[in-house]
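So the structure is just underneath, and the comments pick up after that.
The values are calculated or read from the model by the stated rules, or taken from the named source; none is laboratory data. The shown structure was predicted, so the numbers you read here are calculated from the model rather than taken from an experiment. Virtual Cβ from ideal backbone geometry, glycine too; neighbours counted across all protein chains shown.
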Amino acid sequence: MAEVILSNRMQALTDMVTPGTVITDVGCDHGFVSVYLVQKGLSPRVIAMDVRSGPLERAREHIREYGLQDRIETRLSDGLHGLKTGEANGMICAGMGGPLMEKILTEGREQAQGFAELILQPQSEIPHFRTFLMDEGYLLLDENIIYEEGKYYFMMKVRWLGAMTDDAVRQKVGDSWKTEGLDPGLAEKFGPLLLFRRDRILREYLEWMLTERKQIVGRMEQKADADNPRTICRRQEIADEITLITRALDWYDNGKEADCI
């Protein structure tokens with residue numbers, strides 16, 4: 001049987017897995033990530049879960065095709081509800097919005113806090129999701145950004161460090177979500193480790209965002225309702241975003257933030 005070939009963004013997720021980790025693949029869809037992890041020897045065993053019966057059945061079919069039924073278990077599960085604490089020591093979750101991912105981690109807090117690593121790829125509300133993880137006590141271990149088929153995908157690898165009532169824990173978690181010399185707001189918006197590494201794809205993303213936001217402001221200024229209070233408010237929000245993007249790009253060019261606020 002031929003080996004599974006993943007898309008760039010899914011490949012980037014599996015690249016973050018520590019070899020030997022028993023993974024639960026939450027929202028496994030067709031199951032190809034689960035199959036890949038076992039095929040490549042990255043995971044000795046995978047628990048593939050999805051809330052939808054249709055995709056889960058297709059995952060079962062693919063698992064049977066590759067003869068991996070003894071190493072990949074499938075479960076119909078809403079988030080982490082179908083997993084007992086300690087059954088897996090790692091988690092992959094991708095292909096859903098940040099608010100839904102927050103819900104999964106909140107409702108499955110006991111299971112999530114027991115993982116040695118969580119590899120997450122939220123597709124919306126990413127700055128808010130970063131704040132959520134920090135507030136919940138998750139230490140940032142790694143992050144990445146991938147461009148595929150006209151879209152940018154952010155992903156991060158975290159683990160729960162402990163209850164945030166301890167000052168030392170709070171400090172360590174907070175430090176992992178910052179970049180020295182950079183305003184925390186920029187780290188939250190665009191990713192501290194990506195900025196620290198001056199990631200090439202993040203820079204492309206910033207340049208794309210800057211062009212797009214300037215075009216939006218230009219179109220808004222030409223509209224008949226340009227003086228409408230709601231339009232003015234929205235235009236200011238976009239202008240503030242442009243300021244943040246410009247500061248981030250200045251970090252790339254000069255190793256410091258632009259003095260523009």
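Quick notes on this one:
- Inside the range 136-194, residues that are aliphatic (A, V, I, L, M) and within 15 Å of the chain's Cα centre (by Cα) make up a count of 11.
- Within the range 79-100, being touching a Leu at 6+ places or on another chain (Cβ under 9 Å) and in contact (Cβ under 8 Å) with a residue 60 or more places away in the chain holds for GLY90, MET91, ILE92, CYS93, ALA94.
- For the range 177-214, the tally of residues that are on the phi > 0 side of the Ramachandran plot and either at pLDDT 90 or above or hydrophobic (A, V, I, L, M, F, W, C) (or both) stands at 2.
- Given (1) out of contact with any Lys or Arg (no Cβ under 8 Å at 6 or more places or on another chain); (2) in a helix (DSSP H, G or I); (3) among the charged types (D, E, K, R), number of the condition GLU180 does not satisfy: (2)
- Test: GLU149 is at positive phi and either in the same structural domain as GLY97 (by TED's automatic domain parsing) or at pLDDT below 95 (or both): yes
- Unique residue being modelled with pLDDT under 90 and touching a Leu at 6+ places or on another chain (Cβ under 9 Å) when the list is VAL217, VAL158, VAL169: VAL169
- Residue match in the range 181-190 (condition: in contact with a Ser or Thr (Cβ under 7 Å, 6 or more places away or on another chain), of a type outside the set (Phe, Trp, Tyr), more than 20 Å from ASP15 (Cβ to Cβ) and not assigned by TED's automatic domain parsing to the domain that holds GLY20): yes
- Lone qualifier among ARG230, ARG213, ARG170, ARG219 - being assigned by TED's automatic domain parsing to the domain that holds MET156 and over 17 Å from LEU141 (Cβ atoms): ARG170
- Condition met for THR131 (of a type in the set (Val, Ile, Thr), in a helix (DSSP H, G or I) and assigned by TED's automatic domain parsing to the domain that holds ASP78): yes
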